[in-house]
Amino acid sequence: MEVENIYVTIKDHIDGHPSESNFELRSAPLSLSIEEGTADIIVKNIYLSIDPYQLNRMKRCSSSQNSVKGAAQLVPGKEIDAIGIGRVVASGNDEFKKDDMVYGQLAWQEYTVVHLGTVLTKIDKPEFPLSYYLGPLGISGFTAYAGLYDICKVKNGEKVFVSTTSGSVGNLVGQFAKLSGCYVVGSTGSKSKVDMLKEKLGFDEAFNYKEEPDLNSALRSYFPEGIDVYFDNVGAEMLEAAVANMNPFGRVAACGAISEYTEKGRRAAAPNMIDVIYKRINIRGYLVSDYFGGHLQDEFLSATADHVRHGLIHVLEDVSRGVESIPSAFAGLFRGDNVGKKLVQVSEF
Ligand SMILES: NC(=O)c1ccc[n+]([C@@H]2O[C@H](COP(=O)([O-])OP(=O)(O)OC[C@H]3O[C@@H](n4cnc5c(N)ncnc54)[C@H](OP(=O)(O)O)[C@@H]3O)[C@@H](O)[C@H]2O)c1
């Protein structure tokens, strides 16, 4: 059987705020049978992950593009590889059979041909809704867990500040930190998100960064005793203000810098280095992929599954439907449209 496989691509490189008009839908014929002699797997995609880091791959030039394979520059007109979940429809690989549910490197399209060597994992007898394996039990959860517990080594009773707290990674950082007995304050971009963080997720405080003319004094008022841990998802002025308010031996997980992704030539964050030195602050960048296959992964999966099972973590997801909704889902990340993990469901199970 042959299908017309619809995929999303960029029309040209994007250097600035992305919008729907930067993308187009294309299609290519795809045979749903395995080519003789290959170990390919054909996956019908179900959920696709929509992530801010893809914007750095879409740029004409970004230092991120030469860092790791998964951050490589995208080519206009070509498919955009992305993490997702799908169902195997045909397999030339003995480890996978038709109808297996899988998680791994797919693409923003309806079907993906996965070649030997691409990371793909079977989801055997899923205990939770499939989408959770992209959110709390997937990349977002693991990013939050590794940053908070390994990079920042958070301890009970510490004062924790998290930015983009109503987003996918941020909400989980805050929820993990609350479960570890911390005082947690989050920043986000609207009043309704602030209310949700305090009322639904039980954060101690939350504020709308768009309404704070002076981030330094805002943080001073929320942290009269200083910040021990800052989980940074935005970079720029917020990082500078957090460092100015940090306690001696404070730790910063440099997870993302979304406010620096969209403006070409924007001044990068410049935390006060005298503060960093005299307060002995540890600012450390990391990628969740550094942790794949390591001992922390099993610990993360077992602890987080337990929290979800016992209702100790609220799962926040924001799902759009249809491959054609990918451009607006992606552009929406940079307008703050999403609450929780942004996913696109491209087919039914
Ligand atoms: N190091 C790693 O391995 C790793 C892995 C995954 C993600 N990340 C990073 O973690 C961060 C969060 O990713 P995510 O997947 O959880 O995305 P997300 O937070 O679910 O979505 C992005 C959010 O960022 C906020 N935002 C957009 N533009 C902004 C700006 N100019 N200034 C401040 N906030 C802005 C918006 O919420 P508001 O309403 O709050 O504005 C938006 O909802 C990103 O920086 C991402 O690159 C890093």
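Every number in this text was worked out from the coordinates using simple rules, so none of it is lab data. Note that this is a predicted model, so its numbers are computed, not measured. Don't worry about glycine lacking a Cβ; one is built from the backbone with ideal geometry, like all the others, and counts go over all protein chains shown.
Okay, here's what the table says:
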| item | result |
| --- | --- |
| Euclidean distance of C-alpha centroids, segment 136-195 and segment 66-95, integer Å | 29 |
| Whole-number percent relative contact order across segment 140-289, with pairs defined as alpha carbons under 8 Å at least 6 apart | 22 |
| Compactness of the chain as Cα Rg over 2.2 N^0.38 Å, two decimals | 1.01 |
| The chain - mean residue ellipticity at 222 nm from DSSP helices (-39,500 (n - 2.57) per run, n ≥ 4, rounded to 500) | -6500 deg cm²/dmol |
| Cross-link partners of Lys210 among lysines (Cα-Cα below 17 Å; sequence separation of 8 or more within a chain) | Lys191, Lys193 |
| Spatially proximal lysines relative to Lys97 (Cα-Cα < 17 Å; intrachain offsets below 8 disregarded) | Lys44, Lys122, Lys125 |
| Kirkwood-Stokes translational diffusion coefficient of segment 28-155, alpha-carbon pairs, 25 °C, 0.890 mPa s, µm²/s | 152 |
| Given the chain, longest segment not containing exposed loop GluC sites (Glu not before Pro) (DSSP; at most 12 other Cβ within 10 Å) | 128-224 |
| Segment 140-289: C-alpha gyration tensor shape, a/c 1.5 cut-off, then a/b vs b/c | rounded |
| Distance in nm between pseudo-label sites at Ser63 and Ser19 (7 Å out along the Cβ direction from Cα) | 3.0 |
| Charge dipole magnitude, Cβ of K and R +1, D and E -1 - segment 83-217, Cα centre, debye nearest 20 | 120 |
| Trypsin sites (Lys or Arg not before Pro) lying in DSSP loop within segment 19-61, provided at most 16 other Cβ fall within 10 Å | Arg60 |
| P(r) of segment 206-329 over all Cα-Cα pairs, binned every 10 Å from zero, in whole percent | 11, 28, 32, 24, 4, 0 |
| For segment 262-318 and segment 197-220, distance of Cα centres in Å | 19 |
| Set of lysines with alpha-carbon distance to Lys279 below 19 Å, sequence-local pairs under 8 removed | Lys153, Lys155, Lys159 |
| Sparsely packed trypsin sites (Lys or Arg not before Pro) within segment 100-207, loop by DSSP, other Cβ within 10 Å at most 13 | Lys153, Lys155, Lys200 |
